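Asker: Provided herewith is a single structure, encoded as structure tokens, for subsequent inquiry.
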Amino acid sequence: MEKVEKRKSFIERFLSLRHRISARLGLALAGAVFLTLIASFVGLIYLDQINKAQKRVYEISMPDMEAAFAFSLKSGEVVSAAPRLTSATTEEELESIRIEVEIDKRDFRLQLDSILDRGLDPSLVNEITRLGETLLQNIDTVSSLVVDRFVLTAQLNDLQSEFSLLATTVENNLISAIDMQLFYFVTGYRNRETPSVPQSQHFTVEEFSRYRHLGELRRFATNGVELLSSALSLPDSPLIETLKDRFETNEFGVARTLSQLEKDEFYESISPMFNRLTEIGLENDGIFETKSELFSLDEQKETIFEYNRQLGAQLVADIEELVRTARDDTAMAAASSASAVATGRLLLIIVNIVSVIGAGIISVFYIGNRILRRLDHLSGRMRSMADGDLESSITVDGNDEIAEMAHALEVFRKHALEVQRLNLVEKLAQELSEKNDALESANEDLRRAQDQIVMREKLVALGELTAGVAHEIRNPLNFIMNFSELSEELLDEIVDELMSPEKREAADGEIDDELIEENIEDLTSNLKRIREHGGRANRIIDDMLKMGRGTTEFAESDINALLDEHAKLAFHSARAADNTFELALEFELDESIGDMRVVPQDIGRVFINMVTNAGYAVNEKFQELKQKDPSIDFIPTLVCTTKKVGDRVHITFRDNGTGMPQSVIERIFNPFFTTKPTDKGTGLGLSLSNDIVREHGGSIQVTSEEGQWTQMVVDLPSDPSAFIAETDDEEDDEDLPAESQD
């Protein structure tokens, strides 16, 4: 009874597994594995057939085709060996090419032996062997012809060198002899050292005949030289015999003319030269014979080249026959392989179609509809619960693992909903309080950081101006010292004149009133200058102290004087920091502007920043141009202009520096943006300047051409203090309650 119960319990558990996802997916995977095994079995059967066909191709047909193709390529290299040999320009190059050709010949013989060992058509193989041997013999013949041509070319070069030297010597001797004979025939002087002979002795028919014979000899010599030169440069053989005949005729004229001068002392020196010229042209190893032999060698080479081309064409035809035979065998094997592939492909397609249809049915009707749809619903509910939606209940049908997950999630939802209702308000209140505290702390840190940045920028600007201020103070101090020393000398002269009678210059010992009066005038002038320069130094120190205090009080200020003073202060500051700094300051000031109510220290800081940036740009351009060309005449220039336009005042700074692209212009007023190196600028100067100008009711316009110039225009109202007052009134109105504003 217990066994029956156990068996019944086992059957019930087994039947209950049919609802499980794991069991159903296992059956699907088993079916897929079964189809895969069937496809693999079919593939193995037809792969074996393909392998047999491919083996026949690789072991028989392809080696035959490879041997035929290799022999065809090597035969082409052997056919091209003859032109390669003839292309050598030196014996060393010829020897190098001959070594390469010998290697090609050896490889050609190996390929030929490989063809013999393949067991191909005997008659075709014998024909290929005969053609190959003939081709190799022709290459040896060409090699020997090339060697002979080098010998003949060297011989011809030697003849050409000797001929060139001899032709020059003959020409020079004949020209000298003709000039001397003409001079003697006309003047009676043989040379400048001997005296003149009577006219009856030099102005004779015999002397004129000698002059004429020398001229004819020169003409024959020139003609012979031209004929030999033409023979040397002759490109082909048809004209060589014609030139030789003309040269022989010319030499006959030379011999006839020389016979007229046999008794002349000039004959002994010129006759051997003409004889050698004839030998160079007409001997067996002369120019004409050597040139003819070279043409003959070239004709033999061309004949062999043509014959080799014919042999190569015949070899290609025979090899194509071998390739055709191997190709037919390959085609048969390929057809057999293709048939096996087609059959196997068809069976695999059928198996794959069945697999795809089965996978589609399982995916759509079971995985998609039964599993994924419910999982997607369950996932959506989990995401909505994560977003805070705990009110909607969870319902998933079925009795598999997904249904169990849905039931567990529903229990979790109910518990989470209860906990959320108890803790949500307290948690939100605590988080809001913490975030408010963090925001207040961050705002306070930001305000402190901004104040520190502004203060540091002011200190940096003040430090940069220290060197310039020192230079400005040094100038009046030098004046004060110089005038003090001069005044001391004037006082000494007055004291000596009044108190020391023995030192007076006047002969009678009386006081020189005129000297005392002049010294007193000079002393008064010196004290006045000392007072002026002392006041100047005092004003500079006051301005620096005001800048250090950074007051924001409005005051009547001469904008032209403010611009002049701070521009020069910025220049001297840059000059003190870098003694190579160059800048030409030019001012075009509108005197009609008069005084304006501004914050002098802030506007002065704006002017200093403008001049400093412009000076840096023009100096950088000057240094770059100077490195490329030390003699460059470029002058770094900054033009500062003031102009009254209606109820506005424009202060313009135009330099001839490096300029800026539009992308930089759009960002130059951003805090911490700078194009200077990290040790040259902080990126806050223009940002602070822009803030100062806006606080004065103005704006800054920037235009530039990259590499050429930059112009910055500070546009201010005629009375910036009025703008500040209006702004303050508007802010006060905004702060009042609505009833008060009404």
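The values are calculated or read from the model by the stated rules, or taken from the named source; none is laboratory data. What you are looking at is a predicted structure, and each value in this text was computed from that prediction instead of being measured. Every residue, glycine among them, receives a Cβ derived from its backbone with ideal geometry; neighbour counts consider all protein chains shown. Only protein heavy atoms, including side chains, enter the accessible area calculation; ligands, DNA and RNA are left aside. Shrake-Rupley method; radii C 1.70, N 1.55, O 1.52, S 1.80 Å.
Asker: What ranking of Ser229, Ser687 comes out by heavy-atom accessible area, probe 1.4 Å, highest first?
Answerer: Ser229, Ser687
Asker: While we're looking at this one, here's another question. Taking 7 Å along the Cα-to-C-beta vector as the label spot, tell me the Arg190-Ala335 distance in nanometres, rounded to one decimal.
Answerer: It works out to 10.8 nm between the two label points.
Asker: Which residue, chosen from Ile692, Phe673, Val639, occupies the Cα position most advanced towards the positive end of the dipole of the stretch 571-695, where the dipole is computed from +1 (Lys, Arg) and -1 (Asp, Glu) charges on Cβ about the Cα centre?
Answerer: Toward the positive end, the furthest listed residue is Phe673.
Asker: Sticking with this one: Give a quick list of GluC sites (Glu not before Pro) in the stretch 202-290 that DSSP marks as loop, anything other than H, G, I, E or B, with at most 10 other Cβ atoms within 10 Å.
Answerer: Those satisfying the criteria are Glu262, Glu265.
Asker: Stretched out fully, how many nm does the piece from Lys427 to Phe305 gain, at 0.36 nm a residue minus the Cα gap?
Answerer: Stretched out fully, the Lys427 to Phe305 stretch lengthens by 33.7 nm.
Asker: Which value, in debye to the nearest 20, describes the size of the charge dipole of the stretch 225-324 about its Cα centre when Lys and Arg Cβ atoms bear +1, Asp and Glu Cβ atoms bear -1, and nothing else is charged?
Answerer: So the dipole magnitude of the stretch 225-324 works out to roughly 140 debye.
Asker: Given q = 0.16, 0.18, 0.19 Å⁻¹, what are the Debye log10 I(q)/I(0) values for the stretch 554-618, with equal point scatterers placed on the Cα positions and solvent ignored?
Answerer: Taking Cα atoms of the stretch 554-618 as identical point scatterers yields -0.55, -0.67, -0.73.
Asker: Report D for the stretch 120-275 in µm² per second (integer): Stokes-Einstein, Kirkwood Rh on Cα pairs, 25 °C, 0.890 mPa s.
Answerer: Once the numbers are plugged in, D ends up at 123 µm²/s.
Asker: Please report the base-10 log of the normalised intensity I(q)/I(0) for the stretch 584-658, using a Debye sum with one equal scatterer per alpha carbon and no solvent, at each q in 0.11, 0.14, 0.25, 0.28 (1/Å).
Answerer: Debye output, listed in q order: -0.37, -0.55, -1.16, -1.29.
Asker: If you don't mind, there's one more thing I want to ask. Enter the accessible area per residue of the stretch 621-706 (Å², integer; probe 1.4 Å; all protein chains in place).
Answerer: Ligands and nucleic acids excluded, the figure is 56 Å² per residue.
Asker: With the crude spin-label approximation of a point 7 Å out along Cα→Cβ, what separation in nm comes out for Glu695 versus Ile99?
Answerer: Placing both labels 7 Å along Cα→Cβ, they lie 8.8 nm apart.
Asker: Additional query: Working out 0.36 nm times the residue gap between Glu216 and Arg109, then minus their Cα-Cα distance, what length gain in nm do you get to one decimal?
Answerer: Length difference between fully extended and current span is 32.0 nm.
Asker: Relative contact order of the stretch 581-703: what whole-number percent is it, with Cα pairs under 8 angstrom and at least 6 residues apart?
Answerer: 28 percent
Asker: So which of Lys568/Lys626; Lys568/Lys643; Lys105/Lys301 end up more than 22 Å apart by C-alpha?
Answerer: Lys568/Lys626
Asker: Set the Förster radius R0 to 56 Å, insert the Cβ-Cβ distance between Phe295 and Thr204 as r into 1/(1 + (r/R0)^6), and round the FRET efficiency to 0.05.
Answerer: Efficiency computed from Cβ-Cβ geometry: 0.65.
Asker: So who's got an amide H within less than 5 Å of the one on Gly657, skipping anything under 5 residues away but keeping other chains? H placed 1.01 Å off N, in plane.
Answerer: Long-range HN contacts for Gly657: Thr710.
Asker: By accessible area of protein heavy atoms, probe 1.4 Å, what ranking do Val142, Val151, Val713 get, highest first?
Answerer: Val151, Val713, Val142
Asker: I've got another one for you. Let me check something: with ligands and nucleic acids excluded, how do Tyr184, Tyr267 order by accessible area (1.4 Å probe), largest to smallest?
Answerer: I get Tyr267, Tyr184, largest accessible area first.
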